[in-house]
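The numbers here are math on the coordinates, done by the rules we state, and not lab data. Because the structure is predicted, anything quoted here is derived from the model rather than measured. Every residue, glycine among them, receives a Cβ derived from its backbone with ideal geometry; neighbour counts consider all protein chains shown.
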Amino acid sequence: MYISSLKLWNFRKYGSLTFDLENPDLIVPLNKGMNILIGENDSGKSAIIDAIKLVLKTHAYEWIKVEESDFFSVGNETSEVLRIEIEFSGITNREAAHFTEWCGSENEEVKIVDQIQIQRRPKLFLIYQVQIREGKIIPTDIRAGMDGHGNTLTAEAKEYLKCTYLKALRDADSELTAKKNSRLSQILKEHKEFKTKQTNGLHEFEELFDKTSHTIRDKFKEEGGGYNVNIKNVVDDFVSAFIGNDSQSSFDLGPTKISNILEKISLGIVDSNNLGLGTMNRLFMAAELLHLKKANWNGLKLCMIEELEAHLHPQAQLKIINRLKEEPDIQYILTTHSPNITSQADLEDIIICKNNNVYPLGQEHTKLNKESYKYLKRFLDVTKSNLFFSKGNIIVEGWSEEILLPVLARKIDIDLTKNEISIINVASIAYLHFAKIFLREDGEKMSVPISIVTDLDNRSDENGIFKPLHEESEKVKKKQGNLEILKTELNETGISLQIAKEWTLEWCLYKSCLSDLFKNAIANVHSGTDEFKKGEDDNFKVTFQEKFIKKLSKKEGTTPIDKVAVANELADLIEKDIVVTKDQIERDPYLLYIINAIKHVCGNGN
């Protein structure tokens with residue numbers, strides 16, 4: 001069984017002050033396996049986790065209850081009722097046996113081999129509705145049923161619905177240290193291995209512990225022994241005076257009940273001392289996952305981890321997320337701010353929290369087709385996963401654009417970093433695979449502005465003259481026609497497709513107001529070549545354009561321009577330059593497509 005849907009009414013930031021049972025303030029569809037919640041701070045990720053925790057409770061026996069701050073509020077107004085509903089799907093008959101009084105049934109799609117079949121399967125809905133009256137929270141029970149009202153869930157049934165939860169600021173060292181009520185002792189105490197008794201009614205640990213405790217107690221009683229003479233007798237002398245003549249001290253290991261024994265156990269790594277936060281954190285997660293690996297467990301297997309990346313270096317994050325994905329029978333709900341983790345996730349597992357809503361990226365929710373999901377699964381690496389965490393994205397085809405766009409943005413007084421804009425270098429023309437991630441099947445806009453910067457790829461002759469479109473090759477005609485159609489279609493969705501005025505970025509730079517800087521950048525990078533060497537008068541040969549066009553066209557017998565090195569050099573020259581003005585850059589027809597792309601994602605352009 002797993003949580004297939006969570007519905008919230010007036011819970012924390014998800015609310016409207018009114019209460020309409022037919023219209024939840026938030027619906028969160030969840031996958032059977034991995035679910036990764038991402039979003040900015042205060043985007044509602046923790047509220048989703050806490051809502052589930054509030055209803056199911058955790059194996060940690062922590063005190064969890066509704067607070068006044070859990071009710072949605074605006075200004076001085078606070079909602080009078082909050083409601084949480086949790087829907088469970090995939091319930092087996094053995095699991096349903098624990099909830100026969102509350103379970104219903106519904107048609108459910110079941111994949112058998114490669115076919116989808118409709119089967120009648122058990123269904124369970126949990127309902128938690130709380131009211132606040134005259135500033136007091138009215139206690140209420142967790143209910144379950146198919147009618148929207150349900151009947152009270154028993155304590156025994158609740159035990160099968162508890163979840164494993166790891167909070168964001170985990171103090172793993174403290175949790176795994178031997179002490180009273182340690183988290184480790186709670187985890188172990190719940191395991192069946194520590195519930196099994198021997199024929200004498202004792203757990204084998206209790207028997208071993210009792211023998212050891214007797215041995216130690218006897219050592220302190222040995223007449224003439226050092227423990228007896230130097231320690232016990234000295235203490236007894238004070239005890240008889242402080243308490244009474246018949247009173248004696250007793251040295252032993254304390255209570256021999258299994259719960260007390262487990263509180264004396266700590267967890268570490270063999271032959272390793274003074275473990276760091278990262279290692280302790282991983283050890284703590286491994287211990288918590290014991291709950292979900294119990295043999296013959298017929299309850300919920302749900303693990304919720306906030307900020308999985310806490311105290312973990314990037315490679316450790318990758319190892320953990322990939323290991324968790326190997327447990328198909330466990331449902332995970334994770335929150336993260338780490339591109340490393342999202343880069344290893346399937347796109348269908350990601351849920352973006354934004355605008356007081358959630359945006360799952362499963363196939364039924366986006367405009368992406370199956371081919372795009374297949375492509376992105378392979379190419380959504382760490383650098384490209386930044387697009388999930390930014391307030392806007394500029395998608396470019398290569399390194400030159402990635403290097404130069406931030407510099408050009410600063411020249412027109414826009415700081416992409418301060419605006420939380422990511423430049424996503426897809427290193428190809430496969431930009432639509434990435435851009436359409438944010439296009440919703442239901443037409444709802446995510447308010448993540450996207451700009452795509454692409455070359456036109458028509459080529460000039462050796463004199464820098466371009467053919468009219470009707471004289472171009474069929475390949476160029478088709479691309480130009482497709483780009484114009486695509487531009488119109490995407491503009492309606494909020495994606496801005498910005499096409500180079502002519503040919504490539506390098507050609508546009510050469511023709512722009514930055515031409516002198518660009519030629520100097522080429523000369524500095526290719527100073528050893530005859531065609532780009534300056535004369536004694538510090539000027540280029542008159543054949544510069546002809547040679548440049550040949551290299552840009554990759555004509556036979558020529559070596560291509562090192563575009564990345566030239567972009568790096570040009571970026572330095574632009575930053576130092578005080579001649580070309582902001583106004584010149586913004587008005588230059590050859591730079592306009594880049595400037596428009598920058599302004600679009602920053603909210604001050606078309």
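In whole Hz and in residue order, list the ³J(HN,Hα) couplings for the stretch 300-308 that follow from phi through the Karplus curve 6.51 cos²θ - 1.76 cosθ + 1.60, θ = phi - 60°; x for Gly and Pro.
5, 10, 10, 10, 10, 10, 8, 6, 3
Amide H neighbours of Arg12 under 5 Å, counting only residues 5+ apart in sequence or on other chains, H built in-plane at 1.01 Å?
HN-HN under 5 Å from Arg12: Phe71, Phe72.
For the pairs Lys354/Lys599; Lys479/Lys550; Lys301/Lys391; Lys370/Lys436; Lys189/Lys319, note any where the Cα-Cα span goes beyond 24 Å.
Lys301/Lys391; Lys189/Lys319
For semi-axes √(5λ) of the Cα gyration tensor in Å, one of (1) 72, 59, 26; (2) 71, 24, 22; (3) 63, 33, 22 was computed from the structure I shared and the rest are decoys. Which label?
The value computed from this structure is option (3).
Out of residues 5 or more away from Ile395 or on other chains, whose amide H comes under 5 Å of its own, with H placed 1.01 Å from N in the peptide plane?
Residues meeting the amide H criterion: Ile424, Ser451, Ile452, Val453.
Which three extents, in whole angstrom, do the alpha-carbon atoms of the stretch 363-601 cover along their principal axes, largest first?
64, 43, 33
Expressed as an acute angle from 0 to 90° and rounded to the nearest 10, what is the orientation of the C-alpha long axis of helix 563-576 relative to the principal long axis of the chain?
Its long axis makes an angle of about 90 degrees.
If packing is taken as the mean number of other Cβ atoms within 10 Å per residue, what is the order of 180-189, 78-87, highest first?
Details: 180-189: 18.2, 78-87: 20.0.
Top of the packing list down: 78-87, 180-189.
Scan around Ser4 for amide H atoms under 5 Å from its own, H built in the peptide plane at 1.01 Å from N, and keep only partners 5 or more places away or cross-chain.
Result for Ser4 returns Glu87, Phe88, Ser89.
Using the Cα atoms of the stretch 107-264 to build a convex hull, what is its mean projected area in square nanometres? Please list the in-between numbers first.
On the way: hull surface 83.2 nm².
One quarter of the hull surface, i.e. the mean projection, equals 20.8 nm².
Towards the positive end of the charge dipole of the chain, with charges on Cβ (+1 Lys, Arg; -1 Asp, Glu), say which of Asn274, Leu289, His311 has the farthest Cα.
My answer, from the dipole projection, is Leu289.
Run down the aspartates and glutamates and flag those whose C-alpha is under 18 Å from the C-alpha of Lys162, throwing out any fewer than 8 positions away in its chain.
Hits, sequence-local ones excluded: Asp50, Glu62, Glu85, Glu87, Glu95, Asp141, Glu190, Glu288, Glu306, Asp329.
Working from the pairwise distances between different alpha carbons, so that the mean of 1/r is found and then inverted, what is the stretch 94-150's Kirkwood radius in Å? Kindly include the intermediate steps, with their values, before the conclusion.
On the way: mean 1/r = 0.0722 Å⁻¹.
Over the stretch 94-150, the inverse of the mean reciprocal pair distance is 13.9 Å.
Which order do peptides 220-231, 275-286, 42-53 fall in by mean Cβ count within 10 Å, highest first? All intermediate terms of the calculation are to be shown ahead of the outcome.
On the way: 220-231: 12.2, 275-286: 17.7, 42-53: 20.7.
Ranking the peptides 220-231, 275-286, 42-53 by packing returns 42-53, 275-286, 220-231.
Any chance you could get the radius of gyration and Dmax over the Cα atoms of the stretch 19-131, in Å?
17.1, 56
To the nearest 500 deg cm²/dmol, what mean residue ellipticity at 222 nm is calculated for the chain from DSSP H runs of n ≥ 4 alone, each contributing -39,500 (n - 2.57), summed and divided by the residues? Present the calculation step by step, with values, prior to reporting the outcome.
Details: 21 runs with 198 residues, N = 606.
After summing the helix terms and dividing by the residues of the chain, the value is -9500 deg cm²/dmol.
Per-residue counts of other Cβ atoms within 10 Å, averaged by peptide: what ranking do you get for 366-378, 588-600, highest first?
Working: 366-378: 15.1, 588-600: 20.7.
Going by the mean number of other Cβ atoms within 10 Å, highest first, we get 588-600, 366-378.
For the stretch 65-122, what value does the Rg/Rh ratio take when both radii are computed over Cα atoms and Rh is the Kirkwood radius, given to two decimals? Please report the intermediate quantities before stating the final value.
Numbers: Rg = 18.8 Å, Rh = 15.1 Å.
Expressed as Rg/Rh, it is 1.25.
What net charge do the residues around Ser174 carry, taking every other residue with its C-beta under 13 Å from that of Ser174, with Lys and Arg at +1 and Asp and Glu at -1? If you can, show how the numbers build up before the last one.
On the way: positive: Lys167, Arg170, Lys179, Lys180, Arg183; negative: Asp171, Asp173, Glu175.
That works out to +2.
Over the stretch 192-262, how many percent of alpha carbon pairs lie in each 5 Å bin up to the one with the longest distance?
Per 5 Å bin, starting at zero, the Cα-Cα P(r) for the stretch 192-262 comes out as 3, 16, 19, 16, 14, 12, 9, 7, 3, 0 percent.
For a test of the definition: using alpha carbon positions, the gyration tensor, and the 1.5 limit on a/c, classify the stretch 386-500 as rounded, prolate or oblate. Let's see the in-between values first.
Details: a/c = 2.47, a/b = 1.41, b/c = 1.76.
Oblate.
Apply the Karplus curve 6.51 cos²θ - 1.76 cosθ + 1.60, θ = phi - 60°, to the phi angles in the stretch 71-87 and return the couplings in whole Hz, x for Gly and Pro.
Values per residue, Gly and Pro as x: 7, 4, 9, 9, x, 8, 9, 10, 5, 8, 8, 10, 9, 10, 10, 10, 9 Hz.
Leaving out same-chain residues fewer than 8 places away, which aspartates and glutamates sit with a Cα under 14 Å from that of Lys445?
Filter leaves Glu492.
With N set to the number of residues, divide the alpha-carbon radius of gyration of the stretch 440-482 by 2.2 N^0.38 Å and report two decimals. Before the final figure, lay out each step's value.
On the way: Rg = 16.7 Å, N = 43, 2.2 N^0.38 = 9.2 Å.
This ratio for the stretch 440-482 stands at 1.82.
How large is ³J(HN,Hα), in whole Hz, for each residue of the stretch 544-549 in order, when computed from phi with the Karplus curve 6.51 cos²θ - 1.76 cosθ + 1.60 and θ = phi - 60°, using x for Gly and Pro?
Karplus-based 3J(HN,Hα) across the stretch 544-549 equals 3, 4, 4, 5, 4, 5 Hz.
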